[in-house]
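Q: Could you have a look at this structure, given as structure tokens, before my questions?
The values are calculated or read from the model by the stated rules, or taken from the named source; none is laboratory data. All values reported here derive from a predicted model rather than from experimental measurement. Positions of Cβ are backbone-derived with ideal geometry, glycine not excepted, and every protein chain shown enters the neighbour counts.
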Amino acid sequence: MKTAPDPHRRSFWLKQLHQWHWISAALSLVGMLLFAVTGFTLNHAGQIEAKPQVVSRKATLPADLLALLAKGPVEGKHPLPIRVETWLDRTVDADIARRQGEWSDAEVYVALARPGGDAWISIDRETGAVEHEKTTRGAVSLLNDLHKGRNAGKAWGWFIDIFAGACAIFAVTGLILLQFHARARPLTWPLVAGGLVIPLLLVILFVHL
């Protein structure tokens, strides 16, 4: 003889699931909207035109800073001296932010890749000649790169990990809630199965692996 399910236990778990479901939904709502939109723009990247804007600036490093640079390493990857970074930021709008520079006898080159664009700066170690170039590819390119986490830094990488966790909680709690309500909604499991089978069939039939 089967024991009747405890309504209090069911009510407790339903309350817990609904609470976790709405909290994870609230945390991931804006992120899911962003990733849905950028998923579309990435899928149609070839049809969305981007007009890169390139800004080039030149300057000459002061003698005291050039002498400071001369004391640096001969080769390898190392950050620039803080005083040099500050001067470059103020003079040619180069936000280096302690990035590693590639040092050689002739120059120091710093790659400044960023979401939605690219940049670099080169300093001649003999003459102090500075050349800085910044490329901007527009808002769509920026959002696409954020979607991929490209050149976005550790903080954004942590955001993506936390956002992915919130989405996983949202999906799992939603699935369990479907289980609770499935008896009253006969289409529940056919629709869930469709969500699995349709992309699986598309991969098998139309994607060349």
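Q: Of all residues in the stretch 124-148, which are part of a loop (DSSP other than H, G, I, E, B) and either more than 30 Å from E75 (Cα to Cα) or out of contact with any Asp or Glu (no Cβ under 7 Å at 6 or more places or on another chain) (or both)?
A: Hits for the stretch 124-148 are E126, T127, G128, R137, G138.
Q: Please specify each residue of the stretch 96-108 satisfying the condition of being surrounded by 13 or more Cβ atoms within 10 Å (Cβ to Cβ) and either free of Cβ contacts under 8 Å to residues at least 24 places away in the same chain or within 23 Å of K154 (Cβ to Cβ) (or both).
A: I96, R99, Q100, G101, E102, E107, listed by residue number.
Okay, residues lined up against (1) assigned by TED's automatic domain parsing to the domain that holds T60; (2) within 16 Å of T60 (Cβ to Cβ); (3) in contact with a strand residue (DSSP E or B) (Cβ under 8 Å, 6 or more places away or on another chain):
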position: P81; (1), (2), (3): yes, no, no
position: E102; (1), (2), (3): yes, no, yes
position: D105; (1), (2), (3): yes, no, no
position: V108; (1), (2), (3): yes, yes, yes
position: A111; (1), (2), (3): yes, no, yes
position: W120; (1), (2), (3): yes, no, yes
position: I123; (1), (2), (3): yes, yes, yes
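Q: Does W189 satisfy being surrounded by 14 or more Cβ atoms within 10 Å (Cβ to Cβ) and either in contact with a Pro (Cβ under 9 Å, 6 or more places away or on another chain) or more than 30 Å from P62 (Cα to Cα) (or both)?
A: Spelling it out, it is not the case that W189 is surrounded by 14 or more Cβ atoms within 10 Å (Cβ to Cβ) and either in contact with a Pro (Cβ under 9 Å, 6 or more places away or on another chain) or more than 30 Å from P62 (Cα to Cα) (or both).
Q: Could you look through the stretch 97-106, keep only residues that are assigned to a strand (DSSP E or B) and over 13 Å from V84 (Cβ atoms), and pick out the one that is farthest from the chain's Cα centre (by Cα)?
A: This residue is E102.
Q: Only one of A111, A119 is within 30 Å of T41 (Cβ to Cβ) and either crowded, with 16+ Cβ neighbours inside 10 Å or touching a helix residue (DSSP H, G or I) at 6+ places or on another chain (Cβ under 7 Å) (or both). Can you tell me which?
A: That would be A119, the only listed residue that is within 30 Å of T41 (Cβ to Cβ) and either crowded, with 16+ Cβ neighbours inside 10 Å or touching a helix residue (DSSP H, G or I) at 6+ places or on another chain (Cβ under 7 Å) (or both).
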